[in-house]
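These notes are about the structure you will find just below.
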Amino acid sequence: METERLFEFINILLDIGEKLLLSGGEVSRVENTLSKMAEAYGTDKRSVFVITSNIVISLSMPGGIYATDTRRILKSASTDFLCLEKLNAISREYCKNPISNEELRKRADECEIKVTPFAMWAGSVLAAGAFSVFFEGSIADGIVAAVLALVICFFKTKAYRILKYNLQFNFLVSFIVGMLALAAANFIPSVSADKVIIGDIMLLIPGLAMTNSVRDILAGDTISGVMRFVESLMWALGLAIGIMLSIFVWGCIVK
């Protein structure tokens with residue numbers, strides 16, 4: 001019975017760790033959080049190993065009961081500070097006052113990784129239009145970039161279940177946005193396609209992921225840092241190929 005309870009607790013920790021990673025949490029913070037919660041549970045020995053694609057937890061109880069489990073992370077991480085804050089609050093409260101596995105499971109399941117639709121749409125529109133104007137674009141460029149930002153938001157909300165990996169998503173969306181920007185520039189003389197594209201791809205550039213990768217490397221989590229860095233480069237490569245392909249295809253259509 002005690003072994004079953006321990007495996008149940010490990011499974012809850014794996015769920016929390018996965019949500020922390022997918023919300024943008026750093027590897028060292030995830031390891032520390034899970035280790036502290038395991039200590040509060042009453043374990044005398046604990047080993048938590050986390051990289052961006054895998055979580056391994058091994059726990060040992062004073063009575064000689066031992067359990068270990070692993071979780072493969074297949075999804076690409078995003079950024080959800082609200083979910084991160086909720087999970088951190090749960091972990092801090094658990095360390096101060098441990099609760100039952102059932103209650104911990106209930107509280108962990110309440111933390112869903114999601115972005116408020118209005119905040120995402122409004123923020124994307126403002127950011128795309130502002131970046132387009134910031135990089136010496138005209139007001140018309142900013143307006144077109146803001147409109148195309150709605151296209152990006154649409155794909156983020158509707159196509160993310162089909163395009164689960166950021167490389168596929170960035171490639172397809174950058175291609176579509178590139179084609180639409182070139183079409184707008186062709187029909188509206190005052191619009192510059194390059195300024196519009198610059199404003200919109202700023203919504204897709206993996207700047208935060210690349211920053212996190214450097215942070216992980218400097219913190220000593222070399223494996224996770226290198227994996228994040230390579231993954232970020234692949235996302236950026238998908239963006240570049242999508243934009244270049246749209247320019248090539250549009251050139252063939254115009255000719």
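Result for the chain in a Gaussian network model with C-alpha springs under 10 Å: among Asn186, Asn170, Asn88, the largest mean-square fluctuation is at Asn186. Working from Cα positions, state the angle (0 to 90°, nearest 10) between the long axis of helix 222-254 and the longest principal axis of the chain. Tilt relative to the chain: about 20 degrees. Measure nothing fancy, just the Cα-based angle from helix 81-96's long axis to the longest principal axis of the chain, in degrees from 0 to 90, nearest 10. That works out to roughly 10 degrees. Report, to the nearest 10°, how far helix 2-22 tilts away from the longest principal axis of the Cα atoms in the chain, using its own Cα long axis and a range of 0 to 90°. Approximately 20 degrees, to the nearest ten.
Comparing Gly123, Gly142, Gly199 in a Gaussian network model of the chain where C-alpha atoms under 10 Å apart are linked, the largest mean-square fluctuation is found at Gly123. Values (1) 78, 37, 31; (2) 58, 38, 30; (3) 77, 32, 31 are given for comparison; Cα extents along the principal axes in Å, derived from the coordinates here, is the one labelled (3). For a paramagnetic label modelled at 7 Å from the Cα of Arg72 toward its Cβ, which residues of the range 200-238 fall within the zone defined by backbone nitrogen distances under 18 Å? Under 18 Å, as judged by backbone N against the label point of Arg72, lies no residue of the range 200-238. For the range 102-255, the number of Lys pairs with C-alpha atoms closer than 17 Å, counting only pairs eight or more positions apart or on separate chains, is 4.
All other residues whose Cβ lies under 13 angstrom from that of Lys195 are scored, Lys and Arg at +1 and Asp and Glu at -1, for a net of -4. Charge tally for Ala184 (other residues, Cβ to Cβ under 15 Å; Lys, Arg +1; Asp, Glu -1): -2.
Near Pro98: Cβ cut-off under 13 Å, other residues only, Lys/Arg at +1 and Asp/Glu at -1. The net charge is +1.
Coordinate-derived values only; no laboratory data. Bear in mind the structure is a predicted one, so any value in this text is a computation, not a measurement. Glycine gets a Cβ as well: all are built from the backbone with ideal geometry, and neighbour counts include every protein chain shown.
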